[in-house]
Amino acid sequence: MSTSLRNNGAALLSLSAAALLVAGLSLAIFWAPEDADQGISQKIFYIHVPVALTAYAAFFWAAWKAFRLLWKGGDRYDLESYTAVHMGVIFGVLTLVTGSIWAKVSWGQWWVWSERQLTLFLILFLFYSAYFMLRYSTDPGPRRARASAVYALFGVVLIPVSFLAIRLAEGLIHPVVFKRDGPAMEGSMFLTFCVCFAGMLALGGALYLVELSGKRADASLRALRERLA
Amino acid sequence: MSTGEKYLWAAYLVLFGAVLLYVVLISLKVGRLERELTTLAELAREREGRGG
């Protein structure tokens, strides 16, 4: 992707993210009905779930770029995979924080260790956080790129496990909203969720492209500094 | 404001705060890159002046 196309893409995605998130959160606050059980606090769902799904998407993107690196080689895939993991970890922190706030108001506790869904997401988050330790403990070069790519690919295996855990486990208090026969919510709630999810994906994409541009500029400057030294 | 509303706004503020923090960090990074670029441009001009 050329620099101008990437910058235009980031601008377009930023505008889309702003429009969709403003629309989505307005729908969530003023239009979507309150949940019969949880009341207004259920509206945390409209940011918590899209943030979590965006984190998963970023980790998938990182794995895809890692796969491309191992398959075809090339420095660009290493930087793209690294940036995607970076974004995934940021969205992972937001998932854990918004989830904890929701847990506190719904269950009366910030965290419940017996919930496999929560614990598996925490494991996934810690696994990808350790990616940075691996990356910065090795000298830059093809060896580090390959080791990081293998690590990013291994991590993606944890995503379906984390996603399916809630369906395989019994006696959970974490709600299951998306079932085989469709979403277990009203049409207006689902539409609001879809707008928020599209906005969050656009935000994730915009941040990814901005971060990638910054990292590429950093790398180019470092190379220039070495040539001029 | 009910307890549920307080927690709801707290969650929304966390998201807004995170985006704002990211913008601040990126603007600091852009500032640093600009300073480094200026230094390197001066270095390149000095080299050219000396005929190197």
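Bear in mind these aren't lab numbers, they're just calculated from the coordinates by the rules spelled out. Nothing here was measured: the structure is a model prediction, and the numbers come from that model. Backbone-built Cβ (ideal geometry, glycine too); neighbour counts: all protein chains shown.
A few comments on the model shown:
- Extension gain for the segment A:LEU126 to A:LEU12, taken as residue separation times 0.36 nm less the Cα-Cα distance, is 37.8 nm to one decimal.
- Placing unit charges on each Cβ (+1 for Lys and Arg, -1 for Asp and Glu) gives chain A a dipole about its Cα centre, and among A:PRO142, A:SER14, A:PHE121 the Cα reaching farthest toward its positive end belongs to A:PRO142.
- Förster radius 41 Å - calculated FRET efficiency between A:ARG76 and A:TRP111 (Cβ-Cβ, nearest 0.05): 0.60
- Over the protein assembly as shown, dividing the summed -39,500 (n - 2.57) contributions of all DSSP H runs of at least 4 residues by the number of residues returns a 222 nm mean residue ellipticity of -28000 deg cm²/dmol.
- Counting Cβ atoms of other protein chains within 10 Å of each residue's Cβ and taking the mean over peptide B:12-19 gives 6.
- Extension gain for the segment A:GLU226 to A:PHE30, taken as residue separation times 0.36 nm less the Cα-Cα distance, is 65.0 nm to one decimal.
- Radius of gyration over Kirkwood radius for segment A:27-67, both on Cα atoms: the Rg/Rh ratio is 1.25.
- Cα coordinate range in the protein assembly as shown, projected on the principal axes (Å, largest first): 78, 36, 30
- Only lysines eight or more places from A:LYS65 in sequence, or on another chain, were considered; those with a Cα closer than 21 Å are A:LYS215.
- Inter-chain Cβ neighbour average for residues A:36-45, partner chain, 10 Å: 4
- Residues B:GLU48, A:GLU186 arranged by fewest to most Cβ contacts within 10 Å: B:GLU48, A:GLU186
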